[in-house]
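Student: To start, I am sharing the structure in question, which I have written as structure tokens.
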Amino acid sequence: MDLLYKIFIDPFVQMGGAPDLLIQTLWEGLVSGVLYALIALGFVLIFKASGVFNFAQGIMVVFAALTLVGLHAKGVPAFLALALTIVVMLVLAVGVERLMLRPLVNQPDIILFMATFGLTYFLIGLGEIIFGGEPKVMITNELFLPKGAIEWKVFGGFVSFQKLDIAAAIIASAMVAMLAVFFQRTRIGRALRAVADSHKAALSVGISLEQIWVIVWFAAGIVALATGIMWGARSDVSFALQILALKALPVLILGGFTSIPGAIVGGIIIGIGEKLGEFYWGPLLGSGIESWLAYMIALVFLLFRPQGLFGERIIERI
């Protein structure tokens with residue numbers, strides 16, 4: 001009975017006894033969730049255009065951030081370095097389309113998936129050759145990202161909001177909203193959905209796979225750059241950042257692999273769920289549950305709705 005009390009009752013007693021700590025935990029989970037959603041968005045864009053999970057999205061986050069920091073270290077002004085990094089991501093998108101995707105049109109999805117593995121290790125090697133393997137500090141001051149914290153007195157305590165977290169949440173939310181509108185309400189968005197359904201059918205109605213792929217990979221590159229800046233500002237810029245991209249898997253499972261709104265909702269669920277689990281159930285289950293709780297949530301969710309909250313149910317006629 002004591003164990004059941006600690007699992008099912010005591011955490012909620014703690015929430016009610018210290019509501020300021022609950023608000024603090026929810027805020028931190030919300031910020032993490034929005035950033036997870038930003039990571040997942042890059043995967044969704046590629047998956048919608050090709051039907052393939054882009055394993056290279058994680059290293060694209062690292063490569064974009066390293067390019068920005070590396071250019072600034074060479075004496076390039078911060079915002080010029082940011083613009084040049086965007087150009088680099090465009091060149092990468094064109095290169096991926098010309099050298100990887102175009103030769104593999106109409107090939108099985110597993111072939112394209114394995115090609116993203118090759119791209120991952122190519123970018124790892126290129127990044128280490130150009131920038132080295134040691135962690136680097138994100139240029140937060142040069143990009144005018146805010147520092148410090150705002151304290152809010154509430155319920156007899158206080159809640160601390162890091163200004164960097166507020167900026168990260170606003171920027172990530174704005175990017176997700178703009179991309180959602182762009183791909184849902186424009187001709188490019190409709191063409192993207194047609195390409196995702198069938199390459200052959202898209203070609204038959206005059207849709208250029210080459211242009212769509214370049215646009216989508218470039219958009220994923222911009223998302224990767226924003227993600228790298230925000231996560232790099234919270235910790236540092238290193239190849240370990242690509243591990244964060246694996247958090248996109250449970251987010252995508254919850255939201256659906258083809259849904260931009262699903263990436264948002266899934267990210268928030270995972271972010272808040274992780275923080276609540278770590279703070280209130282962590283002492284009981286052992287420290288570090290934040291590293292695996294998201295995958296357990298996704299595993300349970302798969303049992304009841306494999307296509308995700310906003311994913312499309314696939315029905316095959318036989």
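The values are calculated or read from the model by the stated rules, or taken from the named source; none is laboratory data. Because the structure is a prediction, the values reported are computed rather than measured. A quick note on method: Cβ atoms are made from the backbone with ideal geometry, for glycine too, and the neighbour counts reach across all protein chains shown. Note: accessible area is taken over every heavy atom of the protein model, side chains too, but ligands, DNA and RNA are not part of it. Shrake-Rupley method; radii C 1.70, N 1.55, O 1.52, S 1.80 Å.
Student: Which value in Å does the Kirkwood hydrodynamic radius of segment 236-292 take, with 1/r averaged over all unlike C-alpha pairs and then inverted?
Tutor: Computed over segment 236-292, the radius equals 12.3 Å.
Student: Continuing with the same structure: So how compact is segment 4-88: Cα radius of gyration and Dmax in angstrom?
Tutor: 20.4, 59
Student: DSSP loop (so not H, G, I, E, B), at most 16 other Cβ within 10 Å: list which trypsin sites (Lys or Arg not before Pro) in segment 98-179 pass both filters.
Tutor: Answer in residue order: Lys147.
Student: While we're looking at this one, here's another question. GNM, the chain, Cα, under 10 Å: largest mean-square fluctuation among Phe301, Phe55, Phe144?
Tutor: Phe144
Student: Using the Karplus equation 6.51 cos²θ - 1.76 cosθ + 1.60 (θ = phi - 60°), what ³J(HN,Hα) coupling, rounded to whole Hz, does each residue of segment 227-232 give in order, writing x for Gly and Pro?
Tutor: Per-residue couplings from phi come out as 4, x, 5, 5, 5, x Hz.
Student: Also, quick follow-up: Karplus couplings for segment 72-83 from phi (6.51 cos²θ - 1.76 cosθ + 1.60, θ = phi - 60°), rounded to Hz, Gly and Pro as x?
Tutor: With coefficients 6.51, -1.76 and 1.60, one gets 5, 5, 7, x, 7, x, 4, 6, 5, 4, 5, 5 Hz.
Student: On to the next question. Quick check: net charge around Leu164, other residues with Cβ under 10 Å of its Cβ, Lys/Arg +1 and Asp/Glu -1?
Tutor: On the way: positive: Lys147, Lys163, Arg234; negative: Asp165.
Summing Lys and Arg as +1 and Asp and Glu as -1 gives +2.
Student: Which whole-angstrom value gives the distance between the alpha carbon centres of segment 128-161 and segment 197-271?
Tutor: 23 Å
Student: When ranked by the protection proxy of mean other Cβ atoms within 10 Å per residue, highest first, what sequence do the peptides 120-130, 2-12 form? Working shown, then result.
Tutor: Values: 120-130: 14.2, 2-12: 11.2.
Per-residue Cβ counts within 10 Å, averaged per peptide and sorted highest first, yield 120-130, 2-12.
Student: OK, next. Which chymotrypsin sites (Phe, Trp or Tyr not before Pro) in segment 205-298 pass both tests, a DSSP loop state and at most 14 other beta-carbon atoms within 10 Å?
Tutor: Passing sites in segment 205-298 are Trp292.
Student: Continuing with this model, one more query. Amide H neighbours of Ala149 under 5 Å, counting only residues 5+ apart in sequence or on other chains, H built in-plane at 1.01 Å?
Tutor: Amide H to amide H, under 5 Å and 5 or more residues apart or across chains, Ala149 pairs with Lys163.
Student: While we're here: On the protein heavy atoms, probe 1.4 angstrom, tell me the percent of accessible surface of the chain carried by carbon and sulfur.
Tutor: Ligands and nucleic acids excluded, carbon and sulfur give 69 percent.
Student: Quick check on the chain: take the gyration tensor over C-alpha atoms, sort the square-rooted eigenvalues as a ≥ b ≥ c, and tell me if it's rounded (a/c under 1.5), prolate or oblate.
Tutor: Numbers: a/c = 2.03, a/b = 1.32, b/c = 1.54.
Note, shape of the chain comes out oblate.
Student: Lys136's amide H: which non-local residues (gap 5+, or another chain) put their own amide H closer than 5 Å, with H modeled 1.01 Å from N in plane and none for Pro or chain starts?
Tutor: Val237, Ser238
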